[in-house]
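What follows is one structure encoded as structure tokens, with my remarks underneath.
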Amino acid sequence: MAARRWVVAVARAALPVGAGLGLWAAVGAGEPRRQEALKALPEVTSELLAQRRRHNELIMAALREAAETEENVARRAVPWQK
């Protein structure tokens with residue numbers, strides 16, 4: 001009787017783990033194909049990538065400044081410049 005309960009408990013625990021692994025494998029299999037498709041999009045140009053890079057640099061500079069100062073930079077006037 002105890003062995004049967006143990007087998008049932010292991011089966012109940014293994015079922016969600018197996019389902020999760022199956023879903024992970026199914027979703028993960030298409031990832032390289034998705035990344036290749038994103039690289040092939042016509043709107044991904046070197047100019048756009050440079051703009052995104054500059055935008056990310058500005059955001060990181062603002063975050064760095066906010067981390068280094070005691071002032072609440074969120075309370076500044078909206079169009080602020082360094």
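The values are calculated or read from the model by the stated rules, or taken from the named source; none is laboratory data. Every value quoted in this text rests on a predicted model; they were computed, and no experiment measured them. Cβ sites come from the backbone with ideal geometry, for glycine too, and all protein chains shown count toward neighbours. What goes into the accessible areas is simple: the full protein's heavy atoms, side chains included, and nothing from ligands, DNA or RNA. Shrake-Rupley method; radii C 1.70, N 1.55, O 1.52, S 1.80 Å.
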* Structure fact -> Magnitude of the Cβ-charge dipole (Lys and Arg +1, Asp and Glu -1) of the chain about the Cα centre, nearest 20 debye, reported as 500 debye
* With N denoting the number of residues in the chain, provide Rg(C-alpha) divided by 2.2 N^0.38 Å, to two decimal places. => 2.15
* Structure fact -> Under the helix-only model (-39500 (n - 2.57) for each DSSP H run of 4 or more, divided by the residues of the chain), the mean residue ellipticity at 222 nm, to 500 deg cm²/dmol, is -25000 deg cm²/dmol
* **Theoretical FRET efficiency, 1/(1+(r/R0)^6), r = Cβ-Cβ of Glu31 and Ile59, R0 30 Å, to 0.05** => 0.70
* Asked: Averaged per residue, what accessible area in Å² does the range 1-41 show with a 1.4 Å probe, protein chains only?
  -> 91 Å²
* Asked: Fully extended, how many nm does the chain gain between Ala50 and Leu23 (0.36 nm per residue separation, minus their Cα-Cα distance)?
  -> 6.1 nm
* Among Ala25, Leu15, Ala3, whose Cα sits farthest toward the positive end of the charge dipole of the range 1-76 (+1 at Cβ of Lys/Arg, -1 at Cβ of Asp/Glu, about the Cα centre)? -> Ala3
* With all protein chains present, how much of the accessible area of the chain (probe radius 1.4 Å) comes from carbon and sulfur, to the nearest whole percent? -> 63 percent
